[in-house]
């Protein structure tokens with residue numbers, strides 16, 4: 001049982017991050033904090049992809065003359081990293097759009113608190 | 001030679017025009033709308049040509065840069081993707097024509113960024129449909145979503161908050177989809193849909209594929225406004241500019257439904273989907289709740305755009321219910337409903353835009369019988385689309401519900417059959433309410449003369465698109481046997 005926890009500790013941290021992100025989105029009343037929760041949720045998935053690429057006793061995926069190419073177990077898997085470069089860019093773009101919308105909301109209603117905002121909307 | 005590059009051309013047309021519009025728009029911003037019409041028109045032409053080519057020659061797999069999958073990224077132009085691309089691009093073409101007069105009223109001075117964003121969003125939707133790679137699909141999903149949030153935020157005063165709520169739930173959904181893709185990648189080591197479909201039968205009853213499937217369905221279900229994840233939709237559609245709604249409402253949720261079709265029927269296959277739990281049945285029940293909920297909420301609305309938004313939740317339920325039946329009739333009914341609903345909803349939302357332009361509101365409680373004098377053609381188009389929505393023969397809406405009903409009978413699924421029948425009655429309640437206000441005598445006035453009014457019809461650039469879409473509903477209704485014959489050939493099993 002302990003091995004199950006210790007052997008997968010990277011994934012446990014990812015799960016904790018994911019839960020923090022979902023908590024932020026669902027329960028925080030401030031829209032900026034919701035956005036931060038969203039960012040944490042995205043980062044937890046990025047970290048998941050990065051951790052599935054890791055291998056014990058493996059090196060960076062750059063050709064090393066001492067290690068033949070066909071020994072794949074000695075190189076990290078580069079694909080998830082490249083995928084996550086794209087996903088991080090997507091995340092940054094999402095945050096940019098979110099903050100732009102928040103600016104528009106603040107300029108119109110002068111509040112970013114969800115309850116006050118819903119009151120002013122009615 | 002054009003055929004082999006066709007899938008890339010469709011997407012590249014939108015890339016090209018999303019750049020060309022700002023380039024010309026900085027010089028003359030009134031050129032933006034004609035350029036958007038040109039761009040979506042070229043793409044619609046490619047889609048029509050591509051679908052005819054598919055019928056004659058079969059599907060196309062386009063490998064980018066000549067790299068074959070699973071190493072490279074491919075675009076797959078088969079029956080399903082060809083059909084969806086055809087529907088969304090043709091509808092977008094008509095919406096772009098229709099926006100000519102609305103742009104000066106609804107987003108003055110923002111034409112150039114608006115049409116550039118619309119082209120980017122269409123790129124995202126076409127990419128989502130055509131791509132054969134799960135991660136590529138995520139990237140296109142985010143392209144479409146991000147430009148969609150921006151388009152929704154251009155609208156009334158409340159629009160940015162509606163767009164922000166959509167952004168939070170939509171991005172969370174996209175992230176869950178990405179997590180599901182991660183699970184599938186760790187299990188199979190590939191991201192290509194066709195490659196993965198070949199490997200999945202070896203993973204029958206695997207808990208990890210089951211978890212991945214649930215994550216993907218939830219993530220995409222947010223975009224499709226599947227019942228418990230529909231909360232963003234009514235506000236976004238109501239407060240966005242009429243053109244944005246007319247563009248996003250018929251297309252956005254359909255594309256998400258396409259992903260569900262691709263994942264459940266093509267990639268996993270219905271046996272693996274149902275291996276651990278009857279997932280397709282659960283999705284079908286959620287769709288049924290969505291159908292009833294959407295219809296009942298639509299009856300309670302007095303604002304036309306809001307009523308149509310709730311009606312969208314209900315109609316997307318039909319499509320996903322047809323998917324969950326997973327038999328040929330249900331499948332054909334669902335795809336026919338994709339076509340019908342795209343046309344009906346585009347037509348109805350465009351008419352709500354016309355009324356807002358002319359009357360300054362689209363509040364049903366303030367409609368009266370003078371409308372039939374003032375806008376005879378607008379109201380005629382509205383009637384055809386509304387009656388098709390209710391599902392009276394010989395209009396198109398009847399046949400999609402007919403085939404869906406046949407599908408439920410095929411599966412002996414009486415619950416779903418009852419929902420299809422009851423919801424048609426509910427549809428009748430909220431559409432006849434409008435028709436009654438416009439066409440029946442006003443009893444309070446106590447006279448048979450219609451109210452004093454002069455003809456004040458919308459301009460030709462608005463009447464032609466709505467009119468053509470309305471007439472096409474009749475044509476589809478009569479040609480339904482041919483269309484269903486084509487659709488039945490697409491069915492994978």
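Annotations
- Spatial separation of Cα centroids for the stretch B:186-207 and the stretch B:352-371, in angstrom: 53
- Shielding by partners, peptide B:137-147 (average Cβ within 10 angstrom, other chains): 3
- Compared with the dominant principal axis of the Cα atoms in chain B, helix B:2-25 is inclined by about 50°.
- Rel. contact order, % - alpha carbon contacts under 8 angstrom, at least six apart, chain A: 24
- Counting, for every residue in A:35-45, the Cβ atoms of other protein chains within 10 Å of its Cβ and taking the mean gives 3.
- Taking the empirical scaling 2.2 N^0.38 Å for compact globular proteins as reference, the stretch B:216-279 has a Cα radius of gyration ratio of 1.33.
- Against chain B, whose longest principal axis comes from its Cα atoms, helix B:376-390 is set at around 40 degrees.
- For chain B, Kirkwood radius (reciprocal of mean inverse C-alpha pair distance, Å): 22.6
- Across all Cα atoms of the stretch B:309-361, the radius of gyration (one decimal) and Dmax (whole number) stand at 14.3, 46 Å.
- Bridge type composition, the protein assembly as shown - antiparallel percent by DSSP, nearest 5: 90
- Remark: mean inter-chain Cβ contacts per residue of B:30-39 equal 0, using a 10 Å Cβ-Cβ cutoff to other protein chain atoms.
- With the helix formula -39500 (n - 2.57) applied to DSSP H stretches of n ≥ 4, chain A reaches a computed 222 nm mean residue ellipticity of -23500 deg cm²/dmol.
- Per-residue ellipticity at 222 nm computed for chain B from its helices equals -25500 deg cm²/dmol, with DSSP H segments shorter than 4 residues left out and the rest contributing -39,500 (n - 2.57).
- For the stretch B:1-52 versus the stretch B:407-440, the inter-centroid distance based on Cα atoms is 38 Å.
- Kirkwood Rh, angstrom, the stretch A:2-121 [1 / mean 1/r, Cα pairs]: 17.2
- Restricted to Cα atoms, the protein assembly as shown shows a radius of gyration and a Dmax of 24.5, 97 angstrom.
- Taking every C-alpha pair closer than 8 Å and separated by at least 6 residues, the mean separation divided by the residue count of chain B gives a relative contact order of 14 percent.
- Between the alpha-carbon centres of the stretch B:84-158 and the stretch B:249-288 there is a gap of 24 Å.
- For chain B, the longest principal axis of the Cα atoms and the long axis of helix B:159-188 meet at an angle of about 20 degrees.
Read-outs: derived from the displayed coordinates by stated rules, not from any lab. Given the structure is predicted, the values throughout are model-derived calculations rather than measurements. FYI the Cβ positions are ideal-geometry reconstructions off the backbone, even for glycines, and counts take in every protein chain you see.
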